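Taking it in order: structure first as structure tokens, then the write-up.
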Amino acid sequence: MANAIFWTILVLSFAMSFSIGANDAANALGTSYGSNAAKLWVLLILGAVFELFGAVYCSSKIAGTLANKLLPTLYC
């Protein structure tokens with residue numbers, strides 16, 4: 001039972017992360033594509049590279065800030 005709950009949470013959290021990331025990428029790159037400032041394939045490559053870079057190198061700092069600085073002040 002616990003194993004099924006774990007896998008359900010894992011799949012749902014991946015789906016939510018994917019949808020949030022896709023929305024953010026569309027917001028960031030849509031203007032450049034809509035104004036014909038860059039080709040679609042260039043934007044897709046840049047979006048993939050910088051989304052991966054942000055997830056790998058910046059996520060722990062954001063999570064640490066939330067856990068140590070922001071959330072404790074909300075519950076005091």
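The values are calculated or read from the model by the stated rules, or taken from the named source; none is laboratory data. All figures in this text were calculated on a predicted structure; none of them were measured in a lab. Quick reminder, even Gly has a Cβ in these numbers, built from the backbone with ideal geometry, and neighbours come from all protein chains shown.
Figures for the structure shown
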{"item": "Flag if I9 is more than 12 Å from the chain's Cα centre (by Cα), surrounded by 11 or more Cβ atoms within 10 Å (Cβ to Cβ) and either at pLDDT 75 or above or of a type in the set (F, W, Y) (or both)", "result": "no"}
{"item": "Filter result for the condition that a residue is under 16 Å from the mean Cα position of the chain (by Cα) and either at positive phi or assigned to a helix (DSSP H, G or I) (or both), over A4, A67, A25", "result": "A25"}
{"item": "Selection status of I20, in a helix (DSSP H, G or I), at pLDDT 80 or above, among the β-branched types (V, I, T) and out of contact with any helix residue (DSSP H, G or I) (no Cβ under 9 Å at 6 or more places or on another chain)", "result": "no"}
{"item": "Residues (in a helix (DSSP H, G or I) and hydroxyl-bearing (S, T, Y)) located in segment 28-40", "result": "T31, S32, Y33"}
